[in-house]
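Asker: Handing you a structure now.
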Amino acid sequence: MDRKIRVGAVSYLNTKPLLYGIQRSPVMEDMELIIDYPSRIADMLLRDEIDMGLIPVAVIPKMGVYYINGDCCIGSDGPVASVCLFSEVPLEKVEKVLLDYQSRTSVQLAKVLLREYWKKSPQLVDAGKDFREHIKGTTAGVVIGDRALEQRKISPYIYDLGEAWKNLTGLPFVFAAWVSNKPIDPVFIEKFDAANKAGLEHIDVVVKENPYTVFNLHDYFTKYLDYRLDGPKRKGLEKFLQFLRVEQPV
């Protein structure tokens, strides 16, 4: 490739450890880094405006060709804390669920879990930017990322989607991975992956550099999030993609 590799990353707190390593690595000289929320990064990859992105994995079936790069991801092996269904009432009383516009994976995961795990069929509504203020009464909402950590202080009923997936399948879950729409130079990927892993070795520094009073970030990065794209995560990812293929046959 005769230009810098265009890489899209996510603006949430959950990517701070990965970005810490990337932005301090010489690999930055070979790339152009764009940071935005997940669904926008996904759209950029689908439109070939970037070459690789940390994208919601629910986008993968929409890609004619895709490559999962490196051994890092945004995942969980149980509760994730920042991807939840929030409500003022117990789930059995929920009539409507507002779906967060910022991530396709969490929305699709919620649909799978409502059907397969909770055995519920409330009205599902694609939500706009101010949807959190409408989570009241019998209207619940799927909220992701930093706003979900804030919502934990507000909603009395919290249904963690990472935990529910683990209960349903016995597998961990991959919310986002480094996916490209073309083969990327393996030397670049090796350096890029090493930079990701270097960031994960500096969690204490990342926490110190990102003061946050809403949630314990050290716990979030080490007890809730699991950044290793290992064998069990890949099995969980394939299981999720199987659910999507049933829902959205090609």
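Asker: For the range 27-69, state what percent of all Cα-Cα pairs lands in each successive 5 Å bin, counting from 0 Å until the bin that includes the largest distance.
Answerer: In order of increasing distance, the bins hold 5, 22, 35, 23, 12, 3, 0 percent.
Asker: Rounded to two decimal places and with Rh computed the Kirkwood way over Cα pairs, what is Rg over Rh for the chain? Working shown, then result.
Answerer: Numbers: Rg = 17.7 Å, Rh = 18.4 Å.
Here the Rg-to-Rh quotient is 0.96.
Asker: Quick one: what does P(r) look like for the range 6-88 with 10 Å bins over all Cα pairs, in whole %?
Answerer: Percent of pairs per bin, in order: 15, 47, 30, 7, 1.
Asker: Could you put MET52, MET28 in order of accessible surface area, largest first, with the 1.4 Å probe and the full protein assembly present? Don't skip to the answer; put the middle values down first.
Answerer: Working: MET52 0, MET28 55 Å².
From most accessible down to least: MET28, MET52.
Asker: DSSP beta bridges in the chain, what fraction antiparallel, as a percent rounded to 5?
Answerer: Details: 21 of 37 bridges.
Bridges in the chain are about 55 percent antiparallel.
Asker: Once Rh for the range 109-170 is found with the Kirkwood sum over Cα pairs, what is the Stokes-Einstein diffusion coefficient at 25 °C and 0.890 mPa s, in µm²/s?
Answerer: Details: Rh = 12.7 Å.
Using the Kirkwood radius from Cα pairs, D works out to 193 µm²/s.
Asker: If you roll a 1.4 Å probe over the heavy atoms of the protein chains, what accessible area per residue do you get for the range 137-250, in Å²? Mind dumping the intermediate values first?
Answerer: Values: 5510 Å² over 114 residues.
Per-residue value: 48 Å².
Asker: For the range 1-75, what % of the accessible area comes from carbon and sulfur atoms, probe 1.4 Å? Display every interim value, and only then the final one.
Answerer: Details: 1360 of 3050 Å².
Within the range 1-75, the accessible surface is 45 percent carbon and sulfur.
Asker: Give me the three principal axis extents of the range 110-215 from the C-alpha atoms, as integers in angstrom, largest value leading.
Answerer: 52, 34, 29
Asker: For a 26 Å ceiling on Cα separation, which of these pairs sit above it: LYS111/LYS136; LYS93/LYS153; LYS119/LYS239; LYS129/LYS233? Present the calculation step by step, with values, prior to reporting the outcome.
Answerer: Working: LYS111/LYS136 20 Å; LYS93/LYS153 21 Å; LYS119/LYS239 19 Å; LYS129/LYS233 31 Å.
Distance filter (> 26 Å) returns LYS129/LYS233.
Asker: If you don't mind, another one. Taking a quarter of the surface of the convex hull around the Cα atoms of the range 40-183, what do you get in nm²? Don't jump to the answer; show the numbers that get you there.
Answerer: Numbers: hull surface 34.5 nm².
Its average projected convex-hull area is 8.6 nm².
Asker: Can you give the accessible area of LEU98 in Å² (nearest 10), computed on protein heavy atoms with a 1.4 Å probe?
Answerer: In the full protein context, LEU98 sits at about 20 Å².
Asker: Going by average Cβ density within 10 Å per residue, which order do the peptides 32-44, 185-197 take, highest to lowest?
Answerer: On the way: 32-44: 19.6, 185-197: 17.3.
So the order, starting with the most tightly packed, is 32-44, 185-197.
Asker: Could you tell me what fraction of 2.2 N^0.38 Å the Cα radius of gyration of the range 168-250 comes to, as a two-decimal ratio? Let's see the in-between values first.
Answerer: Working: Rg = 16.2 Å, N = 83, 2.2 N^0.38 = 11.8 Å.
The range 168-250 yields a ratio of 1.37.
Asker: Cut-off under 15 Å on the C-alpha distance; same-chain residues fewer than 8 positions from LYS120 excluded. Which aspartates and glutamates are left, in chain and number order?
Answerer: In chain and number order, the partners are GLU92, GLU95.
Asker: Sort 199-209, 68-78, 229-239 by packing, meaning the average of other beta carbons within 10 Å per residue, with the highest value first. Let's see the in-between values first.
Answerer: On the way: 199-209: 15.4, 68-78: 21.6, 229-239: 16.9.
The peptides rank, most packed first, as 68-78, 229-239, 199-209.
Asker: Right, here's the next one. Straight-line reach from LYS191: which lysines have a Cα under 19 Å away, not including same-chain ones fewer than 8 places off?
Answerer: Within the straight-line limit of under 19 Å, LYS191 reaches these lysines: LYS4, LYS16, LYS182.
Asker: For all pairs of alpha-carbon atoms in the range 63-116, what percent lies in each bin of width 5 Å, listed from the first bin to the last filled one?
Answerer: Pair shares across the bins are 4, 13, 20, 24, 19, 10, 5, 4, 2.
Asker: Below 8 Å, C-alpha to C-alpha, sequence gap of six or more: please give me the relative contact order for the chain in percent.
Answerer: Working: 480 pairs, mean separation 78.1, N = 250.
It rounds to 31 percent for the chain.
Asker: At 1.4 Å probe size, with no ligands or nucleic acids counted, give the accessible surface of THR213 in Å², nearest ten.
Answerer: So the heavy atoms of THR213 present about 140 Å² to solvent.
The values are calculated or read from the model by the stated rules, or taken from the named source; none is laboratory data. Predicted model, so just to flag it, every value in this text is computed and none were measured. Cβ atoms come from the backbone with ideal geometry, glycine included; neighbour counts cover every protein chain shown. For accessibility, only protein heavy atoms count, side chains too; no ligands or nucleic acids. Shrake-Rupley method; radii C 1.70, N 1.55, O 1.52, S 1.80 Å.
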